[in-house]
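The structure appears right after this line, and notes come after that.
The values are calculated or read from the model by the stated rules, or taken from the named source; none is laboratory data. Not measured: the values here are computed from a predicted model. Note that we place each Cβ from the backbone using ideal geometry, even for glycine, and neighbour counts take in every protein chain shown.
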């Protein structure tokens, strides 16, 4: 018999694992169950190697994580969820390596931040948002450091401060600080290695 069904049960007679062997190798969907009989994970095999879609679940039955395997390695789009069912983060894996644009979300479903990741390192243009969905800040990262022009915003959409970081994440040149009503509160010039200011509250 080339194909054989496999079922594993615990001492109480509950199924804990089930799947199919083909030519003595795991093939197709394999399912693992929790102590209450709920599905905890689904993996797909081809000739004994993980290939295809996988899903991990919370104990309440909602999906915790889903994505794809290719030749035993995670590849392609990966989505991780909060326990309430909303997406926590999503992006691309290349040979199990985080790569390209990733999007992170608040539990309410709104985007928290998005941009390019190289492993766990932020690179390129990023945007971060308040929990209500309005833009909080935007600018570029180089190896996890803010570089180039950055703009931060008040929750009403007005610019809070604007300026440039050098390659070492030091403020450089003129920085503009605004009140919540949009009027300019202060301008600081960091060209001469002046004192570092974090934001408008510190120069008030």
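Taken over segment 17-39, the residue count meeting the criterion of being part of a strand (DSSP E or B) and over 23 Å from residue 67 (Cβ atoms) is 2. Hey, does segment 84-93 have a residue that's touching a strand residue (DSSP E or B) at 6+ places or on another chain (Cβ under 6 Å) and farther than 28 Å from residue 136 by Cβ? Looking for residues that are touching a strand residue (DSSP E or B) at 6+ places or on another chain (Cβ under 6 Å) and farther than 28 Å from residue 136 by Cβ, one finds none in segment 84-93, hence no.
Out of segment 169-204, which residues are in a loop (DSSP other than H, G, I, E, B) and modelled with pLDDT of 90 or more? Matches in segment 169-204: 169, 170, 179, 180, 181, 182, 183, 190.
Among the candidates 148, 157, 109, 115, the residue that is surrounded by fewer than 13 Cβ atoms within 10 Å (Cβ to Cβ), under 29 Å from residue 94 (Cβ atoms) and at pLDDT 95 or above is uniquely 109. Counting the residues of segment 116-141 that are in contact (Cβ under 8 Å) with a residue 24 or more places away in the chain, in a strand (DSSP E or B) and out of contact with any strand residue (DSSP E or B) (no Cβ under 7 Å at 6 or more places or on another chain) gives 0.
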